[in-house]
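Remarks on the structure that follows.
The values are calculated or read from the model by the stated rules, or taken from the named source; none is laboratory data. Note that the structure is predicted; figures quoted are calculated from it, not measured. Heads up, the Cβs are rebuilt from the backbone with ideal geometry, glycines too, and the neighbour counts pull from every protein chain shown.
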Amino acid sequence: MLSSSRSFFLLAGQRRRSFHFQDSLNLLPRLRFKNTNNGSISSQLSTSTKSTVETTQRRSIPKDGITLSHFIHKKQGDDNPIAEHFDTEDIGEIPMPASLEENYLQQPQPQKFHLRTYGCQMNVSDSDIVRSILLSSDMEETSEEMDADVILTNTCAIRENAEQKIWQRLRELRAHDRKNPLFSTDRDGLLNRKRRIIGVLGCMAERLKEEMFRDGTADLVVGPDAYRDLPRLIQMLAQQPVERAVNVQLSLEETYADVKPVRRPVTGGVDVSAFVSIMRGCNNMCSYCVVPFTRGRERSREFTSIVEEVRQLVENDQIKEVVLLGQNVNSYHDKSKEAQESNPAATYQLSNDGFTNMFRLRGGAGYYFADLVAAVSDISPELRVRFTSPHPKDYPSELLQLMAERPNVCKQLHMPAQSGSSTVLKRMRRGYTREAYLELINRVQSTIPDVAFSSDFITGFCDETEEEHQETLSLMKLVQYDMAFMFAYSMRGKTHAHRNMQDNIPQDVKMARLSQIIDTFRTTIQEKNERTELGELRLVLVEGASRKGDHQLNGRTDQNKRILFDNVDCLSELPSSSTEKSCTVALKPGNYAVVQVTEVRGHTLKGRALCRTTLQEFHERKNKMDFIKLIHN
Ligand code: 5AD
Ligand code: SF4
């Protein structure tokens, strides 16, 4: 299923042609001009380029008085109402241009792409890679969807409702373009019917492959490991040797390590935080999850390229927080030759004896996740380091110690439990029991006393009984999560659960259980934050204006809690004595501030900014008894 060789499909009209090749760059010239029929790659292509020739003929109408109506060509299945209004009189054979090659080179190139992202942070990060690849192939990005020659949607397949939203969007885009055909003017001043390319990227593209062409919704389907191929596929579609293109080949090696992501700046603000992709894919094969099928095998990006990217973000872009990103970040393992030579004695450890690994090819020399967190946090003491999403099995003591010791490694851990019941966890193939999970939580709390936990939960998984559901509620009450992401189970094709279990919890029961776990989370977090946060001084990284406007600022505490506070001047630094006069400043995005928590609204806090500070200064002085007194004077 997975292969490191490259292959893709081209589709012309209803006919599908597929082929494999080693060097994709050699392909295009053959594809453009050869029209032989000898059973080779090019012969396969010659059949699939039939519709291209027709399209090319349409575009080559000479200046002979022929009007627009002559080249609005009503294709089979094209229900364009405008085309029906024109007189479609037969104008006979349209002469072919002298040279197909010349004609090909005259075709207008697509200039503008619009990219919309659905789903997780990994998709946001992948879109930054796509943007980089397209911009370096001389395309431009436009924020106006209708202004784009190519509309790309980066998709999520994790639950059925995520996919439904995307189908809806694609149908709307296609319906819009059918009702409002696009035209462009060529260099002879003639008006040509222009085709907007609608492309689907990411997990849904990978899961559904050619099915995405259903009802003519998409022209281009590209999976998460094939983004380097996008410029070529787009050019082929634009110049019309093919009508549809797909490349959904998964890779064992692709990490896009050498592609510098082009991040989209936050609307109306300054970026203070950046996602940095460190690994791709997942080997865990949880029984409900489609990710291993859409994103393929786990592979880690090279240690040195990650450290270098973060260094540049800090030095050139003034980034104050990085979030190391991957489907299973803490199983990171760079086993490249250089990594093995630099770190020959390294070994892999599970979190505790109660955890197992689905995939056994682990261990050996190289760099592990704790090495990476250490190296990234060494780049600057003023840089906050976070990571998501981890698996509970990969929390060795070394990593926990590092988090406890380093002020700039944030004290917040995502510990996706999924369920509080050992029997459900077994069916989910999570590789741990409720007891092993709770033992880990206790160990983390004793190593990092002020740690905050977040988790994911799935409710209504196959055969889930009321008792098993109650165990999830009880786990939530025990751990008192600071944040939770809660979902009703959605059966996904190809997964172990799909092949071997029944999605037998009625939808209304799933929804009722979901609302119970949401209520439990809300009640416990309100109580916990009132107990642990009210009145406390927190180190906050200022992100910018809140949604309510400039009068209110928005930031995050070390434990990743969102906090809102009035945008009023505060002390410019921590005073060193109660008599010292300190001037006041307005806080800016990227500043650290000491904020006192004044109100709790579930998992969001409200506070009062007291003073600008630095990450180091806050940690050096936070334990001193006079801290609050000095600020209040
Ligand atoms: N149904 C519902 N939720 C799911 N998740 C993954 N697969 C499914 C599914 N089939 C949830 C898990 C995971 C999060 C990213 O999405 O909780 O941690
Ligand atoms: Fe899916 Fe499990 Fe991998 Fe997370 S760890 S991406 S839930 S298979």
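Some values worked out for this structure:
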| read-out | value |
| --- | --- |
| Only one of ASN343, ASN357 that is more than 16 Å from ligand 2 (Cβ to nearest atom) and over 18 Å from VAL385 (Cα atoms) | ASN343 |
| Test: residue in the stretch 459-466 that is within 14 Å of ligand 2 (Cβ to nearest atom), within 23 Å of ARG513 (Cα to Cα) and either part of a helix (DSSP H, G or I) or within 30 Å of the chain's Cα centre (by Cα) (or both) | yes |
| Residue that is of a type in the set (D, E, K, R) and within 16 Å of ligand 1 (Cβ to nearest atom), where the choices are ARG264, ARG295 | ARG295 |
| Count - residues of the stretch 314-338 that are within 11 Å of ligand 2 (Cβ to nearest atom) and not in a helix (DSSP H, G or I) | 3 |
| Selection status of ARG612, surrounded by fewer than 18 Cβ atoms within 10 Å (Cβ to Cβ) and either basic (Lys, Arg) or modelled with pLDDT of 95 or more (or both) | no |
| Test: residue in the stretch 408-426 that is touching an Asp or Glu at 6+ places or on another chain (Cβ under 9 Å), surrounded by fewer than 20 Cβ atoms within 10 Å (Cβ to Cβ) and assigned to a helix (DSSP H, G or I) | yes |
| The lone exception for PHE369 - which of (1) within 16 Å of ligand 2 (Cβ to nearest atom); (2) in contact with a strand residue (DSSP E or B) (Cβ under 6 Å, 6 or more places away or on another chain); (3) closer than 20 Å to THR304 by Cα it fails | (2) |
| Leading residue by the ranking (surrounded by the most Cβ atoms within 10 Å (Cβ to Cβ)) among those in the stretch 427-462 that are away from ligand 1 (no atom under 15 Å from the Cβ) and of a type in the set (D, E, K, R) | ARG434 |
| Matching residues, the stretch 473-485, being within 16 Å of ligand 2 (Cβ to nearest atom) and crowded, with 19+ Cβ neighbours inside 10 Å | ALA484 |
| Matching residues, the stretch 490-500, being part of a loop (DSSP other than H, G, I, E, B) and either crowded, with 16+ Cβ neighbours inside 10 Å or without any contact (Cβ under 8 Å) to a residue 24 or more places away in the chain (or both) | SER490, MET491, ARG492, THR495 |
| The stretch 429-440 residues that are under 15 Å from HIS414 (Cβ atoms), paired with ones that are away from ligand 2 (no atom under 16 Å from the Cβ) and among the hydrophobic types (A, V, I, L, M, F, W, C) (beta carbon under 9 Å, 6 or more apart) | TYR437/LEU475; TYR437/VAL479 |
| Unique match (being modelled with pLDDT under 95 and of a type outside the set (Gly, Ala, Ser)) among ASP450, ASP456 | ASP450 |
| Residue in the stretch 382-393 that is within 16 Å of ligand 2 (Cβ to nearest atom), surrounded by 19 or more Cβ atoms within 10 Å (Cβ to Cβ) and assigned to a helix (DSSP H, G or I) present | yes |
| Residue match in the stretch 341-363 (condition: in contact with a helix residue (DSSP H, G or I) (Cβ under 6 Å, 6 or more places away or on another chain), modelled with pLDDT of 95 or more and among the hydrophobic types (A, V, I, L, M, F, W, C)) | no |
| Identity of the residue in the stretch 147-203, β-branched (Val, Ile, Thr) and under 18 Å from the mean Cα position of the chain (by Cα), that ends up farthest from PHE213 (Cα to Cα) | ILE158 |
| Boolean, ARG311 is surrounded by fewer than 21 Cβ atoms within 10 Å (Cβ to Cβ) and either within 16 Å of ligand 2 (Cβ to nearest atom) or in a loop (DSSP other than H, G, I, E, B) (or both) | no |
| All positions within the stretch 164-179 that are at pLDDT below 90 and either exposed (fewer than 12 other Cβ atoms within 10 Å of the Cβ) or in a strand (DSSP E or B) (or both) | LYS179 |
| Residue in the stretch 296-351 that is farthest from VAL276 (Cα to Cα), counting only those that are in contact with a Leu (Cβ under 9 Å, 6 or more places away or on another chain) and charged (D, E, K, R) | ARG297 |
| Out of SER515, SER455, sole residue that is in contact with a Pro (Cβ under 8 Å, 6 or more places away or on another chain) and without any contact (Cβ under 8 Å) to a residue 60 or more places away in the chain | SER455 |
| Single match in GLU308, GLU302, GLU321 (criterion: more than 16 Å from ligand 1 (Cβ to nearest atom) and without any contact (Cβ under 8 Å) to a residue 12 or more places away in the chain) | GLU308 |
| Meets criteria (more than 21 Å from GLN235 (Cβ to Cβ) and in contact (Cβ under 8 Å) with a residue 24 or more places away in the chain) for ARG207 | yes |
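Matching residues to (1) within 16 Å of ligand 2 (Cβ to nearest atom); (2) over 25 Å from the mean Cα position of the chain (by Cα); (3) hydrophobic (A, V, I, L, M, F, W, C):
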residue: ALA488; (1), (2), (3): yes, no, yes
residue: ARG492; (1), (2), (3): yes, no, no
residue: ILE505; (1), (2), (3): no, yes, yes
residue: THR520; (1), (2), (3): no, yes, no
residue: LYS528; (1), (2), (3): no, yes, no
residue: GLY535; (1), (2), (3): no, yes, no
residue: VAL542; (1), (2), (3): no, no, yes
